[in-house]
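For reference, the structure is listed below as structure tokens.
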Amino acid sequence: MTPAPASWRELLGPEHLGAVIVMAGGVLVGAVNIYLASSMLPTVVADIGGASFYAWSMTIYLVATVIATMLVSRFLSRWGNVGAYLLGFAVFMVGSLACAASMTMPMLLVGRGVQGLGAGLLSGLGFAVIRSALPRRLWTRGNALMSAMYGIGNFVGPALGGLFAQFGSWRLAFVLMAVIAVACGAVVPRVLPRSERSDARAPIPIVSLMLVTAATLAVSVAGVLPGAMTRAAGIVVALLLVVGFVLHERRSELRVFPRTTYRAGSPLKWVYLTLGLLAFGVAAESFLPLFGQRLAGLPPVAAGFFGAVISLGWSVTQIGSSSAVRERTVRRLIAIGPVLLALGFLAQGLLQRESVPIWLVAIWVPVLFVAGSGIGIAYPHLSVAAMASTPDPEEGRQAAAAIATVTTMSTAFGTAVAGVLVNLGGRSMLDSARYLLFGFAIICAIGIVTARAATRSSRPGPSLSEPSSSEPSEPSGRTR
């Protein structure tokens, strides 16, 4: 018999609201800050100088975020839910205040690095702590809310940064982020369950961390290098480093991803690949405002909101998708997600014109919304599939935390690839738009294959819609 779907009212009810606010708030501040600083950088540079370091703000933030997400399970083991969250909000607060007080660009970059470490820890915790903070029936809703924070952050970040920059108050934007971190951290001890802690110091997978860090750094640098060939070379180097990472993890006892990922017949690797390809598609938003201004003549504000339509589709559709509990329905949603994303990019590419009339611009919006909905309908169920991939609680937390790692790395890769594709268009903005949209359609279409593999295992495994019944129960109340 199919279980009744858990309701949003239950998730946001008095019993779980405090924990949900902390978890969602942590993911949201990290997502907002990806683009918050970028939208304020012209104002920042005019104030403190450092134009030669312009592109490094995003690079350092993303690299630090990826590093922190890979250490989440170890922080949880050492400090527990409450301790890990307090550390995450404290580090993020310190980084935000450092950014606000920066008098030179190198000082700002240091602050961005510290901010990224805190944001990465909070993003990973947002998925990992769902297992102990919420009952099993609410895992899909919880994952939908956490992943929606990425979409909302992509929408709010540029708008909020632009607002503060408009009034020349960029320092206040970072102060606001610090205040939010303090507010969330203050309620952590009262609303989160206290998980078991271990005094044993888990060894850190140094080689894996170095390889992933180098790959993220290479692809982030590739995104800001001049010329399509140099950017392509940077991406190739990053891909080779990722291959080296996978080969090392398969034979190493110290891993970033859970052992289940590399086990023959396990669908977990396909789950992560599908999540990565869906998150990859969001990177197209970096250039959509440019196309809106140059091809359709939209004013900057309208073009900026137009660029966030994919994230809006991602966030909105998760509300309906997360109510699905039937196994067949969940499998179909996962399979359809990459199809909608790829078809949305394909259709958008076909709709590109020079001097686009307003009626055609009006069609762009629902097309991009459909593309974003492909992410929204599949992402929460893939997240639950990752969390439920193993009956071992420690590996389960590791699998859940890795969702943030995959999402952040894919965003970095997508941004770099988008830059290469746009450069291929040369001086023609129309050609650049088509290269980007058709290229992303082809790449995201690979997700159709990985999604089918993710919903099909060569041996029996846990349901995609519900966690494994053999999994040991974890506390869901606010115990002391």
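Could you work out the Rg to Rh ratio of the stretch 93-189, with Rh taken as the Kirkwood radius (inverse of the mean 1/r over all Cα pairs)?
Values: Rg = 15.5 Å, Rh = 14.9 Å.
On the Cα set of the stretch 93-189, Rg over Rh gives 1.04.
Cα-based Rg (one decimal) and Dmax (whole number) for the stretch 233-379, in Å?
Cα-based Rg and Dmax for the stretch 233-379 come out at 18.6, 58 Å.
At 20 °C and 1.002 mPa s, grab the translational diffusion coefficient of the stretch 279-329 from Stokes-Einstein with a Kirkwood Rh over Cα pairs, rounded to a whole number in µm² per second. Walk me through the numbers on the way to the answer.
Working: Rh = 12.5 Å.
Translational diffusion coefficient: 171 µm²/s.
With helices defined as uninterrupted DSSP H runs, which ones in the chain have an alpha carbon span along their own long axis of at least 30 Å and mean Kyte-Doolittle hydropathy of at least -1.0? Don't skip to the end; give the middle numbers.
Working: long enough: 17-48 (42 Å, 1.78); 72-100 (32 Å, 1.15); 105-128 (34 Å, 1.17); 139-166 (40 Å, 0.50); 170-191 (33 Å, 1.89); 228-251 (35 Å, 1.29); 327-350 (35 Å, 1.02); 358-387 (45 Å, 1.73); 393-424 (47 Å, 0.70); 429-454 (37 Å, 1.47).
What comes out of the filter, once short or polar helices are dropped, is 17-48, 72-100, 105-128, 139-166, 170-191, 228-251, 327-350, 358-387, 393-424, 429-454.
Please list the three semi-axes, largest first and in whole Å, of the ellipsoid equivalent to the stretch 166-291, using sqrt of 5 times the eigenvalues of its alpha carbon gyration tensor.
Details: eigenvalues 184, 173, 48 Å².
Result for the stretch 166-291: semi-axes of 30, 29, 15 Å.
Compute the length gained on full extension between S52 and A302: take 0.36 nm times their separation in residues and subtract their Cα-Cα distance, giving the result in nm to one decimal. Please report the intermediate quantities before stating the final value.
Details: separation 250, 0.36 × 250 = 90.00 nm, distance 2.92 nm.
Computed gain between S52 and A302 is 87.1 nm.
Please tell me the relative contact order of the chain in percent, rounded to the nearest whole number, where contacts are Cα pairs under 8 Å and at least six residues apart.
Normalised by residue count, the contact order of the chain is 23 percent.
Can you list which of the trypsin sites (Lys or Arg not before Pro) found in the stretch 328-403 are DSSP loop residues with at most 14 other C-beta atoms within 10 Å? Provide the component values of the computation, followed by the final result.
Working: sites: R328, R331, R332, R353, R397; in loops: R353.
Here the sparse-neighbourhood loop sites are R353.
Within the chain, what whole-number % of the accessible surface is contributed by carbon and sulfur, with the 1.4 Å probe and all protein chains included in the calculation?
Numbers: 13040 of 18830 Å².
C and S fraction of accessible area: 69 percent.
Could you check the spin-label model distance between V182 and R326? Points 7 Å from the Cα along Cα→Cβ, value in nm.
Taking the simple label geometry, V182 and R326 are separated by 5.2 nm.
So what are the three principal axis dimensions of the stretch 350-390 from its Cα atoms, in whole Å, longest to shortest?
53, 13, 9
Accessible area, 1.4 Å probe, largest first: how do H248, H381 sort?
Details: H248 40, H381 0 Å².
In descending accessible area the options line up as H248, H381.
Write down the accessible area per residue of the stretch 326-388 in Å², having rolled a 1.4 Å probe over the full set of protein chains. The partial results should precede the final answer.
On the way: 2410 Å² over 63 residues.
That works out to 38 Å² for each residue.
Find, among the GluC sites (Glu not before Pro) in the stretch 345-438, those assigned to loop by DSSP (not H, G, I, E, B) with at most 16 other beta-carbon atoms within 10 angstrom. Don't jump to the answer; show the numbers that get you there.
Values: sites: E354, E394, E395; in loops: E354.
In loop regions of the stretch 345-438 (DSSP not H, G, I, E or B), the sparsely surrounded GluC sites (Glu not before Pro) are E354.
Students sometimes get this wrong: rank I358, I336, I180 by accessible area, probe 1.4 Å, all chains present, largest first. Present the calculation step by step, with values, prior to reporting the outcome.
Details: I358 130, I336 80, I180 55 Å².
These residues rank, largest area first, as I358, I336, I180.
Please work out the Kirkwood hydrodynamic radius for the stretch 348-447, using every pair of different C-alpha atoms, and report it in angstroms with one decimal place.
Details: mean 1/r = 0.0625 Å⁻¹.
Taking the inverse mean of 1/r over all distinct Cα pairs, the stretch 348-447 comes out at 16.0 Å.
How much net charge surrounds I67 when only the other residues with a Cβ under 15 Å from the Cβ of I67 are counted, with Lys and Arg +1 and Asp and Glu -1? Don't skip to the end; give the middle numbers.
Working: positive: R74, R112; negative: none.
Around I67, the charge tally is +2.
Spin-label point model (7 Å from Cα, Cβ direction): what's the V236 to V449 distance in nm?
Simple spin-label model gives 2.1 nm for this pair.
For the stretch 28-77, what log10 I(q)/I(0) values come out of the Debye formula at q = 0.18, 0.23 1/Å, with one point per alpha carbon and no solvent?
So the normalised log intensities are -0.65, -0.86.
Sorted from largest to smallest, which semi-axis lengths in Å does the alpha carbon gyration tensor of the chain give for its equivalent ellipsoid, taking the root of 5 times each eigenvalue? Write down the numbers at each step before the final one.
Numbers: eigenvalues 208, 141, 96 Å².
Taking √(5λ) for each Cα gyration eigenvalue gives 32, 27, 22 Å.
Quick check of the Kirkwood formula: for the stretch 1-130, what is the inverse mean of 1/r over all pairs of different Cα atoms, in Å?
On the way: mean 1/r = 0.0635 Å⁻¹.
So the Kirkwood estimate lands at 15.8 Å.
The values are calculated or read from the model by the stated rules, or taken from the named source; none is laboratory data. What you see is a predicted model; the values in this text were computed from it and never measured. In this analysis, Cβ positions are derived from the backbone assuming ideal geometry, glycine residues included, and neighbour counts consider all displayed protein chains. Remember, those area values only see protein heavy atoms, side chains included, never the ligands or the DNA or RNA. Shrake-Rupley method; radii C 1.70, N 1.55, O 1.52, S 1.80 Å.
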